[in-house]
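Encoded as structure tokens, the structure appears first; notes follow it.
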Amino acid sequence: MKKFYAILFMIMVIFSANAQLIITEVADPNNNASARFVELTNIGQDSFDLTGYNLVRWTNGNADPTGSGADLSSYGPVAPGDVLTFAKSSSTFESVYGFAATAQLTTGSVTDSNGDDQIALRNGTTIYDIFGVPGEDGTGTAHEFEDGR
């Protein structure tokens, strides 16, 4: 299994070499659902303009995204190496992790995943980066993060 994950990681690195902003972490802590978050990181060498980008979530096995997603236009440009953290609850996030989140996204949004959903960074409706497989319930798959990160 470790070999599979190593190969998957290398493929992701190769294909994301041109990408600059990627989903670097998603969390559904088992002891605190209010501490859920989604993290994005600019791994490129240039600033990344978020105009027109949004974060969306596919809930469970739904083929279509849940709602219109969270508009990220006001959070850019993102400098090289910068990290954006979007929390379900800003106050809970800060008390649990010890630093402030970039922003709080409302309950029921992309940050409110229970760990078996799919999350994507999109430009309009074009997927730029994704965690999971839309239309697939993530339970029991490699992209399940229920009660974890």
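Each value in this text was obtained by applying a stated rule to the coordinates, not by laboratory testing. All values reported here derive from a predicted model rather than from experimental measurement. Neighbour counts are summed over all protein chains in view; Cβ atoms, including those assigned to glycine, are modelled from backbone coordinates with ideal geometry.
Per-structure values
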item: Extension reserve of the T106-D46 stretch, reckoned as 0.36 nm per residue once the Cα distance is removed; result: 18.6 nm
item: Derived scalar couplings ³J(HN,Hα) [the range 36-46; Karplus, 6.51 cos²θ - 1.76 cosθ + 1.60; whole Hz; x for Gly, Pro]; result: 5, 7, 10, 10, 10, 9, 8, 8, x, 9, 10
item: Per-peptide average of other Cβ atoms within 10 Å, ordering 52-61, 74-83 highest first; result: 52-61, 74-83
item: Highest to lowest packing among 23-31, 93-101, scored as the average C-beta count within 10 Å; result: 23-31, 93-101
item: Rg(Cα)/(2.2 N^0.38 Å) for the range 36-149, N = residue count; result: 1.04
item: Among 116-122, 62-68, the order from most to least packed when residues are scored by Cβ within 10 Å on average; result: 116-122, 62-68
item: Linear extension gain, Y97 paired with N123, 0.36 nm per residue minus alpha-carbon span; result: 6.4 nm
item: For the range 84-98, 3J(HN,Hα) per residue [Karplus equation, 6.51 cos²θ - 1.76 cosθ + 1.60, θ = phi - 60°, Hz, x = Gly/Pro]; result: 10, 10, 10, 9, 5, 9, 4, 5, 5, 4, 5, 6, 7, 9, x
